[in-house]
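K.L.:
I'd like to ask you about the structure that follows.
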Amino acid sequence: MKKNIKTILISFNILLCVSISFAQQQEVKPVRLSLISNGLYEILDGRGANGGVYIGDNGVLVIDAKMDKESVDQTIAEIGKITDNPIKYLVNTHSDGDHVNGNQYFPEDVIIISQENCRKEFFVPKRDGSSSDWENPALAAFVPEITFRDQMDIYLGSKKVELWYFGAGHTTGDAVVYIPSEKTAFLGDQFFEGRPQLIHSYKGGNSFEHVKTLTRLLETLDVEKYCSGHSEIVNRQAITDHIDQIQELQQKIKSLIDKNKSLDEIKSEYTENESRLVESIYNEIKALL
Ligand SMILES: [Zn+2]
């Protein structure tokens, strides 16, 4: 009898664990649009990074594409609740899957735009060396078809959107989407809050360039609200703090390298979470020596 109860309890526990993990996998909230100001919205929830929507006089511009059909369908449906204007443009802030995999679920007449290096990075082999999914000819229509080098303006009737490139950092093709009338900029993954900055070395990303790039952004644009792929909306001070934190980390790692510490020894001083950024910075400093 005792054994039976124990068996039942173990089975119950297994069932509980299975149902909890199933619930966690299932828990994707539907896409919603959160008003920033005057026809400008953040795209939140769904599968993939946060993006943006700007409703113009005669068309709509979307910033980043989520990553599956369901989330794109929800995005398009939410936009349809606000305006009858067609989606004219989709800007990819960079080439990571959580920002671009949804491109293929937008109507084919939507014009996809990115910085020119971003387009090239669609075709960079994955981290494991296997070829990019974008090599598939069936997806050719959903790779950015218009690219810019340093700066480009898009007019939605009287409303203006500016696309800026300030240099490499997170990858080599990160665009800033700036809406001057709203003093709001979308940075993609050029900013993270509460977790370490991602630097994709395999796409040419570099933390020292990232600092210079964000500094140029602060010097150039008049922004009050900074939106990004995986954080809340922040102000200028948060970007300055982020730059300071990365520079402090770079200096600390440099001093440890000067003391002949190995990569493993240096990593052991940081959390598991930080180890990828620590390794990128270590490799960047080593490459300069
Ligand atoms: Zn992302």
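The values are calculated or read from the model by the stated rules, or taken from the named source; none is laboratory data. Given the structure is predicted, the values throughout are model-derived calculations rather than measurements. Neighbour counts are summed over all protein chains in view; Cβ atoms, including those assigned to glycine, are modelled from backbone coordinates with ideal geometry. Heads up: the accessible areas ignore ligands, DNA and RNA and are worked out on the full protein's heavy atoms, side chains in. Shrake-Rupley method; radii C 1.70, N 1.55, O 1.52, S 1.80 Å.
K.L.:
Within the set of pairs 6 or more residues apart or between chains, which connect a residue that is touching a residue at least 40 places away in the same chain (Cβ under 8 Å) and outside any loop (DSSP other than H, G, I, E, B) inside the stretch 110-123 to a residue that is crowded, with 21+ Cβ neighbours inside 10 Å and among the aliphatic types (A, V, I, L, M) with Cβ atoms less than 6 Å apart?
P.N.:
Taking only residues 6 or more apart or on different chains, the pairs are ILE113/VAL91; GLN115/ALA175.
K.L.:
Report yes if some residue within the stretch 86-95 is under 18 Å from ILE154 (Cα atoms), open to solvent by 30 Å² or more (accessible area, probe 1.4 Å), out of contact with any Ser or Thr (no Cβ under 7 Å at 6 or more places or on another chain) and among the polar types (S, T, N, Q); otherwise report no.
P.N.:
no
K.L.:
Could you list, in sequence order, the residues of the stretch 209-265 that are more than 16 Å from the ligand (Cβ to nearest atom) and of a type in the set (Asp, Glu)?
P.N.:
Listed by number, the residues that qualify are GLU209, GLU219, ASP222, GLU224, ASP241, ASP244, GLU248, ASP258, ASP264, GLU265.
K.L.:
Further question on the same structure: Residues of the stretch 130-159 being part of a loop (DSSP other than H, G, I, E, B) and either open to solvent by 50 Å² or more (accessible area, probe 1.4 Å) or modelled with pLDDT under 95 (or both), which ones?
P.N.:
SER130, SER131, ASN136, GLU145, ARG149, ASP150, SER158
K.L.:
Whether any residue in the stretch 35-46 is among the charged types (D, E, K, R), more than 17 Å from ILE113 (Cβ to Cβ), at pLDDT 95 or above and open to solvent by 50 Å² or more (accessible area, probe 1.4 Å) is what I want to check.
P.N.:
no
K.L.:
While we're on this one: Looking only at the stretch 76-98, which residues are more than 16 Å from the ligand (Cβ to nearest atom) and β-branched (Val, Ile, Thr)?
P.N.:
Correct list: ILE76, ILE79, ILE82, THR83, ILE87.
Residue by residue, here is whether (1) outside any helix (DSSP H, G or I); (2) over 23 Å from ASP96 (Cα atoms); (3) more than 20 Å from the chain's Cα centre (by Cα); (4) not basic (Lys, Arg) holds:
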{"residue": "CYS227", "(1), (2), (3), (4)": "yes, no, no, yes"}
{"residue": "GLU232", "(1), (2), (3), (4)": "yes, no, no, yes"}
{"residue": "ILE239", "(1), (2), (3), (4)": "no, no, no, yes"}
{"residue": "ILE246", "(1), (2), (3), (4)": "no, no, no, yes"}
{"residue": "LEU249", "(1), (2), (3), (4)": "no, yes, yes, yes"}
{"residue": "LYS254", "(1), (2), (3), (4)": "no, yes, yes, no"}
{"residue": "LYS261", "(1), (2), (3), (4)": "yes, yes, yes, no"}
{"residue": "GLU265", "(1), (2), (3), (4)": "no, yes, yes, yes"}
{"residue": "TYR270", "(1), (2), (3), (4)": "yes, yes, yes, yes"}
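K.L.:
May I pose another question? For the stretch 99-129, name all the residues that are of a type outside the set (A, V, I, L, M, F, W, C), within 16 Å of the ligand (Cβ to nearest atom) and buried (at least 18 other Cβ atoms within 10 Å of the Cβ). Outline the logic, then answer.
P.N.:
Filtering the stretch 99-129 for residues of a type outside the set (A, V, I, L, M, F, W, C) gives 99, 101-105, 107-109, 114-117, 119-121, 125-129.
Those left that are additionally within 16 Å of the ligand (Cβ to nearest atom): 99, 101-103, 114-115, 121, 126-127.
Listed by number, the residues that qualify are HIS99, ASN101, GLY102, ASN103, SER114, GLN115, GLU121.
K.L.:
Determine if the stretch 65-79 includes at least one residue that is within 14 Å of ILE154 (Cβ to Cβ), modelled with pLDDT of 95 or more and surrounded by 24 or more Cβ atoms within 10 Å (Cβ to Cβ).
P.N.:
No, the conditions are met nowhere in the stretch 65-79.
K.L.:
Assuming TYR270 fulfils every condition listed in (1) open to solvent by 70 Å² or more (accessible area, probe 1.4 Å); (2) without any contact (Cβ under 8 Å) to a residue 12 or more places away in the chain; (3) of a type in the set (Phe, Trp, Tyr) apart from one, which condition is it?
P.N.:
Failing condition for TYR270: (1).
K.L.:
Another one. Looking at the stretch 30-44, which of its residues are in contact with a helix residue (DSSP H, G or I) (Cβ under 9 Å, 6 or more places away or on another chain) and of a type in the set (Gly, Ala, Ser)?
P.N.:
SER37, GLY39
K.L.:
Now for a different question. So, of the residues in the stretch 163-191 that are assigned to a loop (DSSP other than H, G, I, E, B) and within 13 Å of the ligand (Cβ to nearest atom), which turns out to be nearest to GLU224 (Cα to Cα)?
P.N.:
LEU187
K.L.:
Next question. With respect to ASP222, is the statement that it is assigned to a helix (DSSP H, G or I) and open to solvent by 10 Å² or more (accessible area, probe 1.4 Å) true? Write out each step before concluding.
P.N.:
Numbers: assigned to a helix (DSSP H, G or I): no; open to solvent by 10 Å² or more (accessible area, probe 1.4 Å): yes.
The answer is no for ASP222.
K.L.:
Taking the stretch 276-289, which residues are without any contact (Cβ under 8 Å) to a residue 40 or more places away in the chain, in a helix (DSSP H, G or I) and surrounded by fewer than 16 Cβ atoms within 10 Å (Cβ to Cβ)?
P.N.:
LYS286, ALA287, LEU288
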